[in-house]
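**Q** Provided herewith is a single structure, encoded as C-alpha cells, for subsequent inquiry.
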C-alpha cells in the first residue's frame, strides 16, 4: 500500500513527521501544563486564556503556513522555517 503519491513524497513525509511529533507533544503536555500554571500562581482566568492559545494556534497556524507556502512556492523551505520556529 502506497501512502503518498510519488511526486508528493519529498514533502509529505517530513510534513507527516512534523505533525505526528507536534500532536504527540501536545497530547503529552496538555494534561499537565495547567497544573504547572496553577503552581506558579496564575489565576483560573489566566490559565484559561493560555490554554485557549493552543487551540487557537491549532486552527490558525496551519492555514498561515499553507498560505505562506503557496505565496513563496518553496514548501520544503517553509517547513524548515516552521520547524525552526
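**Q** Residue check: is residue 42 out of contact with any helix residue (DSSP H, G or I) (no Cβ under 6 Å at 6 or more places or on another chain), surrounded by 10 or more Cβ atoms within 10 Å (Cβ to Cβ) and not in a helix (DSSP H, G or I)?
**A** yes
**Q** Looking at region 74-85, I want the residues that are without any contact (Cβ under 8 Å) to a residue 60 or more places away in the chain and have a partner that is surrounded by 12 or more Cβ atoms within 10 Å (Cβ to Cβ) and assigned to a helix (DSSP H, G or I) with Cβ atoms under 7 Å, at least 6 apart or on another chain. Which pairs are those?
**A** If the second residue must be surrounded by 12 or more Cβ atoms within 10 Å (Cβ to Cβ) and assigned to a helix (DSSP H, G or I), the pairs left are 78/65; 78/68; 78/69.
**Q** Mind checking which residues of region 1-49 are modelled with pLDDT under 90, farther than 26 Å from residue 78 by Cα and under 21 Å from the mean Cα position of the chain (by Cα)?
**A** The answer is 30, 31.
**Q** Take the conditions in contact with a helix residue (DSSP H, G or I) (Cβ under 7 Å, 6 or more places away or on another chain), surrounded by 10 or more Cβ atoms within 10 Å (Cβ to Cβ) and either assigned to a helix (DSSP H, G or I) or modelled with pLDDT of 90 or more (or both) and apply them to residue 78. Does it pass?
**A** Considered against the rule, which asks whether it is in contact with a helix residue (DSSP H, G or I) (Cβ under 7 Å, 6 or more places away or on another chain), surrounded by 10 or more Cβ atoms within 10 Å (Cβ to Cβ) and either assigned to a helix (DSSP H, G or I) or modelled with pLDDT of 90 or more (or both), residue 78 comes out as yes.
**Q** With the requirement that a residue be surrounded by 12 or more Cβ atoms within 10 Å (Cβ to Cβ), under 30 Å from residue 11 (Cα atoms) and without any contact (Cβ under 8 Å) to a residue 12 or more places away in the chain, what does region 45-57 give you?
**A** Hit for region 45-57 is 57, nothing else.
The values are calculated or read from the model by the stated rules, or taken from the named source; none is laboratory data. What you are looking at is a predicted structure, and each value in this text was computed from that prediction instead of being measured. A quick note on method: Cβ atoms are made from the backbone with ideal geometry, for glycine too, and the neighbour counts reach across all protein chains shown.
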